Amino acid sequence: MAEDQYPFVDRRKRPTPRFSRYTFAGRRRRNALPGSKQDGYFVDWVDGHYRSAVIALCIFIVIDALSTLHILSHGGTEVNPVMAWIIDRSWVAFLVVKVLSAVSALVLLSVHRHVRVMRLIGAVLYVAYGSIVLYHLVLVTKIAWGHATG
């Protein structure tokens, strides 16, 4: 990038360190350069509907984990073979994997907010986990009413 494209004097003398005062409270929300591409750049602050959708996805993942454990405790089975293997080892490990996946989704989808393929992946995950949560809600309701989980 040529220096004459940037409208301000560059105050940075060295690269930003990996961990700094901006690590968890960054301010970059959009591409600051005039005439820059508007797709495929990274941000460290997400706001609006996209942030709400990413947070909802994380909540869906946690609800999926908790409702899965509830359904399993009432005779249900895990249909995902990888998660079934983890649950057979330890329900704590299962929860750790689910929470780590929620945190990973939060970070990756937030930082890559302006990368088209990540927005598509986020939308697919949102619909998939939303559907899973609705299905689990039906199963938990059946359990509460005393019906079979199958």
Just wondering, is there one or more residues in region 82-89 that are surrounded by fewer than 12 Cβ atoms within 10 Å (Cβ to Cβ) and not in a helix (DSSP H, G or I)? no
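When region 45-74 is examined, which residues are found to be charged (D, E, K, R) and at pLDDT below 85? Talk me through it step by step, then tell me what you get.
Our first condition is that a residue be charged (D, E, K, R); within region 45-74, this holds for 47, 51, 64.
Across region 45-74, the qualifying residues are ASP47, ARG51.
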LEU134 passes all but one of (1) of a type in the set (A, V, I, L, M, F, W, C); (2) loosely packed, with under 13 Cβ neighbours inside 10 Å; (3) at pLDDT below 80; which number fails? (3)
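When you look at ALA65, is it without any contact (Cβ under 8 Å) to a residue 24 or more places away in the chain and more than 10 Å from the chain's Cα centre (by Cα), yes or no?
Details: without any contact (Cβ under 8 Å) to a residue 24 or more places away in the chain: no; more than 10 Å from the chain's Cα centre (by Cα): yes.
In short, no.
Yes or no, residue by residue, for (1) among the small types (Gly, Ala, Ser); (2) crowded, with 17+ Cβ neighbours inside 10 Å; (3) over 16 Å from CYS58 (Cβ atoms):
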| site | (1), (2), (3) |
| --- | --- |
| VAL117 | no, no, yes |
| ALA123 | yes, no, no |
| VAL138 | no, no, yes |
| GLY146 | yes, no, yes |
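Restricting to region 45-54, name every residue that is exposed (fewer than 14 other Cβ atoms within 10 Å of the Cβ) and either at positive phi or touching a residue at least 24 places away in the same chain (Cβ under 8 Å) (or both). Break it down into steps so the answer makes sense when it comes.
The first filter runs over region 45-54 and keeps only residues exposed (fewer than 14 other Cβ atoms within 10 Å of the Cβ), leaving 47-49, 52.
Of everything in region 45-54, just one residue is exposed (fewer than 14 other Cβ atoms within 10 Å of the Cβ) and either at positive phi or touching a residue at least 24 places away in the same chain (Cβ under 8 Å) (or both), namely GLY48.
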Checking the conditions here, which among VAL79, VAL96 is free of Cβ contacts under 8 Å to residues at least 40 places away in the same chain, under 17 Å from LEU137 (Cα atoms) and out of contact with any Asp or Glu (no Cβ under 9 Å at 6 or more places or on another chain)? VAL79
Please work out which one of (1) modelled with pLDDT under 80; (2) out of contact with any Ser or Thr (no Cβ under 6 Å at 6 or more places or on another chain); (3) assigned to a loop (DSSP other than H, G, I, E, B) is the condition VAL107 fails and give its number. (3)
Report yes if ILE121 is in a helix (DSSP H, G or I) and in contact with a Leu (Cβ under 9 Å, 6 or more places away or on another chain), otherwise no. yes
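The values are calculated or read from the model by the stated rules, or taken from the named source; none is laboratory data. The shown structure was predicted, so the numbers you read here are calculated from the model rather than taken from an experiment. So basically every Cβ, Gly included, is an ideal-geometry build from the backbone, and we count neighbours across all protein chains shown.
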